[in-house]
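Reviewing the structure listed below.
The values are calculated or read from the model by the stated rules, or taken from the named source; none is laboratory data. Because the structure is predicted, anything quoted here is derived from the model rather than measured. Using ideal geometry, Cβ is built from the backbone for each residue, glycine included, and neighbour counts are taken over all protein chains shown.
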Amino acid sequence: MTKTNPGRFFEDYSLGQTIRHAVPRTIAEGERAMYHALYPQRFALYSSDAFAIDCGLDGAPLDDMAVFHTVFGKTVPDVSLNAVANLGYAEGRFLKPVYAGDTLRSESEVIGLKQNSNGKSGVVWVRTTGYDQNDTPVLSYVRWVMVRKRDTEAPAPETTIPDLAKTVAAEDLVIPEGLTFEGYDAELAGEPHRAADYEVGEVIDHVDGTTIEEAEHMLATRLWQNTAKVHFDATFREDGKRLIYGGHVISLARALSFNGLANAQMIVAINAGAHANPCFAGDTVRAWSEVLDKAEVAPGIAAVRLRLVATRGAQAMPGQLRGEDGKYLPDVLLDLDYWALMPA
Amino acid sequence: MTKTNPGRFFEDYSLGQTIRHAVPRTIAEGERAMYHALYPQRFALYSSDAFAIDCGLDGAPLDDMAVFHTVFGKTVPDVSLNAVANLGYAEGRFLKPVYAGDTLRSESEVIGLKQNSNGKSGVVWVRTTGYDQNDTPVLSYVRWVMVRKRDTEAPAPETTIPDLAKTVAAEDLVIPEGLTFEGYDAELAGEPHRAADYEVGEVIDHVDGTTIEEAEHMLATRLWQNTAKVHFDATFREDGKRLIYGGHVISLARALSFNGLANAQMIVAINAGAHANPCFAGDTVRAWSEVLDKAEVAPGIAAVRLRLVATRGAQAMPGQLRGEDGKYLPDVLLDLDYWALMPA
Amino acid sequence: MTKTNPGRFFEDYSLGQTIRHAVPRTIAEGERAMYHALYPQRFALYSSDAFAIDCGLDGAPLDDMAVFHTVFGKTVPDVSLNAVANLGYAEGRFLKPVYAGDTLRSESEVIGLKQNSNGKSGVVWVRTTGYDQNDTPVLSYVRWVMVRKRDTEAPAPETTIPDLAKTVAAEDLVIPEGLTFEGYDAELAGEPHRAADYEVGEVIDHVDGTTIEEAEHMLATRLWQNTAKVHFDATFREDGKRLIYGGHVISLARALSFNGLANAQMIVAINAGAHANPCFAGDTVRAWSEVLDKAEVAPGIAAVRLRLVATRGAQAMPGQLRGEDGKYLPDVLLDLDYWALMPA
């Protein structure tokens, strides 16, 4: 009847189902420039062709999180249009750098299903893979969301909860072909600290804050062809507020983390992530990081596992994450666990 | 004396006059990215080089309406700087896809003149053609505007009202060379509906809404080098509001129409258009379409003639256009009549 | 201890010291498009590859001020993070056009130091040079800023005030290799006036005004990787306002100056500049220019020395600059003295 996309409801998913998401997207110099205008991004490997070539790559790849957002955006109409909540990420791995001119598309496989006891909704786990124009996978991650049922009378599927790794093992990280930090120019990169200079447990306050405008998060979210109504339509929520796409906060916090982590050049894995509280225009976002782990993954190349926390407000909150009740503090926006590559 | 452009007044136009508009513009990947950040654009042919190549083109062309805005923008300093009203469009035809790296310029021929009975203003009809760097026409359309007279005593020109086609005939539509929908991948395009699935008279509610910010419409309008003061200068109107460029509403509505018309890949003609009511920042724009006509224009390729209506507000208004008085409803922003190409 | 950049204080500078600034940046078509969306830029040489090729160049270079902002932005973390005031510019010369794909980096040499009599701060003069990926200089300028001392007890350095040219001499201007205005198409450029049509002392009111939004100046300032907190963080100043990067006002005023100076195609030198008053979102910016000097610098090519003044408010203020007390009027934002190339 209607030709528009109503989104999928909980009973529309079945275990093992593969969804080929719509609208492939060519990413080029324009998307790179937009990304660098939207976020205070300064990681040299993504900023300079010359620097990236000195690191053994063919040129500056598209920013890691821009790839994530593009792959993620395509899944929204099929996965999260009727989502009640975005519950988590796991096993995210960047498999190949993406360069200007590449075309990305996404596919998701349903790997878990669990109806909620109230019978009104359920949790869906999908493993999403982003492919380039040669059908080479560039990114893979698991995401789980709570989705409404269309018909509360629909029978519950058999419960299947996937067995997900708490973190991606260091030996499973994919190091981009050719990458080397041998002639690494730390002065041009912005900071002298190498992986060896960071200690597990160390907390870094990234100092700077950025106040978000409506136009900015909408430009960003549209650029990734994310169609969730709540980001764009001020009449959608009762309070008249547009909820900012969680990925916008990730990119903002990651860019802010340059100040103190300038050599954490490339994200290679996302171990876990929680959007702890909603973010709205007018919020001033700050960030802190905690070093969770380190591993040498190739000669001269270390992987550093980092917790990246975005907070809101005039004051930095380094090290503050949860209250006595174990819940995220109200001004914590993001708690992201990722691996980045750094000179060892 | 003054070296600045005062714009042309009604008595500065003469029948048959050709105006070569200033500032040629090279359009590249950056403009494409900006277009996709400014509008929730998802038509696969303009989003993906790979998809466009599969459709027989050399890559993803620049979005149809981006070409229109670029060609239109150049005419503003010569045609509409002193315009009282933008009255209509007719006989718009896209003649050749525009690709990243092409340089566009515009020329207009005065094809009609009619002084108003009050002697203070008159209507000017121009046929504008956009050319690429090889002087190949890429777009042609007729537009008419009401323009103030500099000197109300200036003699009225002979009245000439051009004979304009109500709609571009299907046989006059230009199908891009090489275009084919033979191996069309509807799943990647986002929807299964082909032209055959649409019925004349059918109304499609495009569901989604987008709230417009000042920064967004100004970024867009500047990108097309449109210089009309009313879009940029909050001190220009007495109410302190900046009027949003009508083309911004067209692009927004066209992008929203993806949801229900995902396969209406390319606009090939603009038959008529009216900016029914002014649009301002803060407005939430929705859209609906009506199928007006269909024609098979090449093997496997159908042209679908569509009415695209943009409305304002929290509620969708599918099918609602005019009041009992025959006038556009106050929340109708745009009434556009165009032909698009679709798999047959 | 802390790994973040605290910025340099007055006592961290020494005469002759060279600072190699971080984060090289590749500039491409995306940055060009962003620049043209952020500013009402219409100078044909920067807008059209075809026009630029007709003027003897390889294509449209990146806009002169975009190059300036990129080179300048890199110096902020090392030069002005703890600056109290940006005091002036001198001896700015554009040495080579920058094209899409070039990678820029910056170096500064400390050429002057003078501690203030209060012992709490001092003035630092640096000569900054921007280099491309082949280490060819593309821009050089002197800038001086007032910087806080970390420790007021630190000894004062010997005072050295550099001997700076009041203006760049016409014979020191670098004319881009191959540049010719022989077949110059003034109609396409937008105005008929050549250098010969301008008289020294002539004042041009550029008529148009642009109201600035927070999102716009932040997108722009981030694009140049300028990290000064005051532009981005609404919690930084006590009044909750974000100060707009002075370069944003320069680019806006320069773009507005097209209306009356459409043939002042390329800036080749910056003789002096003062950010007379702070600019904030919501301000409507206008501009006027005064012709200060003219010189023929190559066959058919003239350099025109211009004062570009940006003002704020609903009214244009052509010719108004300082009050009876000799101070800038409160609505004057910018007083810039530069050389531009124009058909003779």
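Among the residues of region C:98-130, which ones are within 14 Å of chain A (Cβ to nearest Cβ), in a strand (DSSP E or B), within 15 Å of C:Arg25 (Cβ to Cβ) and not aliphatic (A, V, I, L, M)? Passing the criteria: C:Thr103, C:Arg105, C:Ser106, C:Glu107, C:Gly130. In region C:7-34, of all residues being under 30 Å from B:Asn226 (Cα atoms) and β-branched (Val, Ile, Thr), the one that is farthest from the other protein chains (Cβ to nearest Cβ) corresponds to C:Ile27.
For region C:1-49, a residue qualifies if it is hydroxyl-bearing (Ser, Thr, Tyr) and modelled with pLDDT under 95, and the qualifying residues are C:Thr2, C:Thr4.
Yes/no matrix, rows are residues, columns are (1) surrounded by fewer than 23 Cβ atoms within 10 Å (Cβ to Cβ); (2) farther than 25 Å from B:Pro24 by Cα; (3) more than 14 Å from chain C (Cβ to nearest Cβ):
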| site | (1), (2), (3) |
| --- | --- |
| B:Ala228 | yes, no, no |
| B:Thr235 | yes, yes, no |
| B:His248 | no, no, no |
| B:Leu256 | no, yes, yes |
| B:Leu261 | no, yes, yes |
| B:Ala264 | no, yes, yes |
| B:Ala272 | yes, yes, yes |
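In this structure, does B:Glu182 turn out to be charged (D, E, K, R) and within 9 Å of another protein chain (Cβ to nearest Cβ)? Can you show your working first?
On the way: charged (D, E, K, R): yes; within 9 Å of another protein chain (Cβ to nearest Cβ): no.
Considered against the rule, which asks whether it is charged (D, E, K, R) and within 9 Å of another protein chain (Cβ to nearest Cβ), B:Glu182 comes out as no.
Kindly establish whether A:Asp102 is free of Cβ contacts under 8 Å to residues at least 24 places away in the same chain, more than 24 Å from A:Leu333 (Cα to Cα) and out of contact with any Gly (no Cβ under 8 Å at 6 or more places or on another chain). Judged against the criteria, A:Asp102 is not a match. Checked against (1) surrounded by fewer than 19 Cβ atoms within 10 Å (Cβ to Cβ); (2) closer than 20 Å to C:Val268 by Cβ, C:Pro157 passes all but a single condition, namely (2). Note on region A:4-20: residues that are part of a loop (DSSP other than H, G, I, E, B) and buried (at least 24 other Cβ atoms within 10 Å of the Cβ) amount to 0. Hey, any hits in region B:212-233 for a residue that's among the hydroxyl-bearing types (Ser, Thr, Tyr) and under 22 Å from B:Thr311 (Cα atoms)? For region B:212-233, residues among the hydroxyl-bearing types (Ser, Thr, Tyr) and under 22 Å from B:Thr311 (Cα atoms): present. Among the residues making up region B:35-66, a single one is at the interface with chain A (Cβ under 7 Å from one of its Cβ atoms) and of a type in the set (Asp, Glu): B:Asp49. If you go through region A:316-329 and keep only what is more than 18 Å from A:Val291 (Cα to Cα) and either surrounded by 12 or more Cβ atoms within 10 Å (Cβ to Cβ) or among the basic types (Lys, Arg) (or both), you end up with A:Lys327, A:Tyr328, A:Leu329.
Would you kindly identify the helices (runs of 4 or more DSSP H) lying entirely within region A:158-256 that contain at least 3 residues that are touching a helix residue (DSSP H, G or I) at 6+ places or on another chain (Cβ under 6 Å) and modelled with pLDDT of 95 or more?
Values: elements: A:186-189, A:214-223, A:246-256.
Result: A:214-223, A:246-256.
Residue count for region C:131-154, restricted to those that are within 14 Å of chain A (Cβ to nearest Cβ) and part of a loop (DSSP other than H, G, I, E, B): 5.
Between B:Thr180, B:Thr152, the distinction of being over 26 Å from B:Asn5 (Cα atoms), among the polar types (S, T, N, Q) and over 20 Å from the mean Cα position of the chain (by Cα) belongs to B:Thr180 only. Only one of the numbered conditions (1) in a helix (DSSP H, G or I); (2) surrounded by fewer than 24 Cβ atoms within 10 Å (Cβ to Cβ); (3) touching a residue at least 40 places away in the same chain (Cβ under 8 Å) is not met by C:Asn86, and that is (1). Note on region C:203-226: among residues that are more than 8 Å from chain A (Cβ to nearest Cβ) and of a type in the set (S, T, N, Q), the one that is farthest from C:Phe280 (Cα to Cα) is C:Asn226. Taking residues in region A:61-73 that are over 17 Å from A:Met218 (Cα atoms), and partners anywhere that are modelled with pLDDT of 95 or more and basic (Lys, Arg), the pairs with Cβ atoms closer than 7 Å and at least 6 places apart or on different chains are A:Leu62/A:Arg32.
In region B:149-160, the residues that are over 13 Å from B:Ser117 (Cα atoms) form Cβ pairs under 6 Å with partners that are surrounded by 11 or more Cβ atoms within 10 Å (Cβ to Cβ), at six or more places apart or across chains, as follows: B:Arg150/B:Phe9; B:Ala154/B:Glu11; B:Thr160/B:Leu15; B:Thr160/B:Gly112; B:Thr160/B:Leu113.
Being touching a residue at least 60 places away in the same chain (Cβ under 8 Å) and not assigned by TED's automatic domain parsing to the domain that holds A:Lys149 is the requirement here; does A:Arg32 meet it? Yes, satisfied. Condition check for B:Met317 on (1) touching a residue at least 60 places away in the same chain (Cβ under 8 Å); (2) under 26 Å from A:Asp239 (Cβ atoms): one failure, at (1).
Here A:Glu191 fulfils each of the conditions (1) in contact with a Phe, Trp or Tyr (Cβ under 9 Å, 6 or more places away or on another chain); (2) under 30 Å from C:Ile19 (Cα atoms); (3) more than 14 Å from chain C (Cβ to nearest Cβ) apart from (3). In the condition set (1) touching a strand residue (DSSP E or B) at 6+ places or on another chain (Cβ under 9 Å); (2) surrounded by fewer than 19 Cβ atoms within 10 Å (Cβ to Cβ), A:Thr136 is compliant with all but (1).
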